[in-house]
Amino acid sequence: MNDLLKKGVLRLNWASEHMPVLKSIDNRFQKERPLEGMKISMALHTEAKTGVLAITLANAGAEIRLASCNPLSTDDSVALALKEEFGLSVYAKKGETQEEYYSNLNSVLDLTPDLIIDDGADLIAMVHTTRRDAIRNVKGANEETTTGVVRLKAMARDGKLEFPVISVNDAKMKFLFDNRYGTGQSVFDGWMNSTNLIVAGKRLVVAGYGWCGKGVAMRAKGMGANVIVCEVDPIKAIEAKMDGNEVMRMEDAVKVADIIMTVTGCKDILRKEHFEAMKNGCIMGNAGHFDNEISKSDLNGMATSVSRVRESIDEYKMKDGRKLYLIAEGRLMNLAAGQGHPAEIMDTSFAAQALGAEYLIQNHKKLNNNVYVLPDTIDTEIAKIKLESMGVLIDSLTEEQIKYSDGWEEGT
């Protein structure tokens, strides 16, 4: 076994040992084989936790093809191990060109899938546009992330969505933990790997105060940063303020920021006017799905020179001598420069993916072509398994309390 393959096997085994919910589901899937004969095309960040999910679905009887949903997020050791040790079809490598990225997505769609598991909705968009030939067998899909869900809801609104989609992102056992605690920790894994610099004492701007932004702000504050939040939603802005953060417009924040992290799911959060006002030495990173939150076209147009100064950091030298820094080419810094979310966090997110796939196969004929939230019963099942794996016992209502909660006459 060569060193790269051995590394991938070790990473897969380590992740599996720390994903008890998915292991519990895998044990049942191996016995019941609920996905027998199904073909599943997947586009997810191709690393160890995703590998455990892919193996679980294969053990349930499905034929799997996996590509990455981001050109820089593949762990090559895991991709090799999935192919060589587990016999899965994987089309992914770290550092894909744009052409290679779409070629790999097309390769997984060549399977003519029954199910699609997506992160960012590129696969789902393709079967509705350039790969109409691959849509004929599709019974439904799962979508992992906020950015993809926004795209899919727009498709559904316009009457363009042609099969039901489960928004795994809106499952409570996903967004309350993955988006908040997962992103919060993994962003700083990417920060440390790429910069080897301290966070404490610096003014750190978080653009976007959704669940991911809240996680980044919470961890930044815990590491000693002075946190500034930029928001467009008045309610989220008030929440950020009440949580103890400064709240500013981006045009003001860039003047004092040492670090800026974008977590919005929207484009051009940092653009020409911000780069013009940004203080010397500011380091920018993105934790949103696509690499368009920080305008690289504006940066390249303004810079007199661009150079790679560390493995995952590019330096942009401005005409006035200021130096601005960008982590991981503006792609997901927690995966492009780190190892992604902790295994214990992805355990519950990918449990939702696995059970969502099973739910779609069992119920797709009853569903309209719309975006659905994972049923609460499945969310609750995942939570119960997770608590059990943590050795945590919780209370339950007595019969009298249940009767009281369901009634209206007794108030005292």
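The values are calculated or read from the model by the stated rules, or taken from the named source; none is laboratory data. Just so you know, these numbers come straight off a predicted model, no measurement behind them. Glycine gets a Cβ as well: all are built from the backbone with ideal geometry, and neighbour counts include every protein chain shown.
A quick yes/no check of all residues on (1) at pLDDT 95 or above; (2) surrounded by fewer than 19 Cβ atoms within 10 Å (Cβ to Cβ):
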| residue | (1), (2) |
| --- | --- |
| Gly265 | no, no |
| Ile294 | yes, no |
| Leu299 | yes, no |
| Met302 | yes, yes |
| Asp320 | yes, yes |
| Leu324 | yes, no |
Total residues in the range 93-136, condition within 27 Å of Ala337 (Cβ to Cβ), out of contact with any Leu (no Cβ under 7 Å at 6 or more places or on another chain) and assigned to a loop (DSSP other than H, G, I, E, B):
4
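Residue-wise test of (1) among the acidic types (Asp, Glu); (2) more than 30 Å from Ala156 (Cβ to Cβ); (3) touching a Ser or Thr at 6+ places or on another chain (Cβ under 8 Å).
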{"residue": "Met333", "(1), (2), (3)": "no, yes, yes"}
{"residue": "Asp347", "(1), (2), (3)": "yes, no, no"}
{"residue": "Glu358", "(1), (2), (3)": "yes, no, no"}
{"residue": "Asn368", "(1), (2), (3)": "no, no, no"}
{"residue": "Leu374", "(1), (2), (3)": "no, no, yes"}
{"residue": "Val392", "(1), (2), (3)": "no, yes, no"}
Residue list for the range 201-237, filter: among the β-branched types (Val, Ile, Thr) and in contact (Cβ under 8 Å) with a residue 40 or more places away in the chain
Val205, Val206, Val216
Take the range 141-165 and flag every residue that is assigned to a helix (DSSP H, G or I) and under 12 Å from Asp118 (Cβ atoms).
Thr147, Gly148, Val149, Arg151, Leu152
From Lys386, Lys403, which residue is basic (Lys, Arg) and more than 22 Å from Lys49 (Cα to Cα)?
Lys403
Collect the residues in the range 45-69 that are outside any helix (DSSP H, G or I) and out of contact with any Phe, Trp or Tyr (no Cβ under 6 Å at 6 or more places or on another chain), keeping them in residue-number order.
His45, Thr46, Glu47, Gly61, Ala62, Glu63, Ile64, Arg65, Leu66, Ser68, Cys69
Checking Phe290 against (1) modelled with pLDDT under 95; (2) assigned to a strand (DSSP E or B), which single condition isn't satisfied?
(2)
Among the residues of the range 80-92, count how many are within 20 Å of the chain's Cα centre (by Cα) and not in a strand (DSSP E or B).
1
Matching residues in the range 247-258 - criterion: being touching a helix residue (DSSP H, G or I) at 6+ places or on another chain (Cβ under 8 Å) and within 16 Å of Gly213 (Cα to Cα)
Val247, Met250
Looking only at the range 342-362, decide whether some residue is under 20 Å from Asn70 (Cα atoms) and outside any helix (DSSP H, G or I).
yes
Among residues of the range 187-224 being touching a strand residue (DSSP E or B) at 6+ places or on another chain (Cβ under 9 Å) and either in the same structural domain as Asp75 (by TED's automatic domain parsing) or polar (S, T, N, Q) (or both), the residue surrounded by the most Cβ atoms within 10 Å (Cβ to Cβ) is Ser194
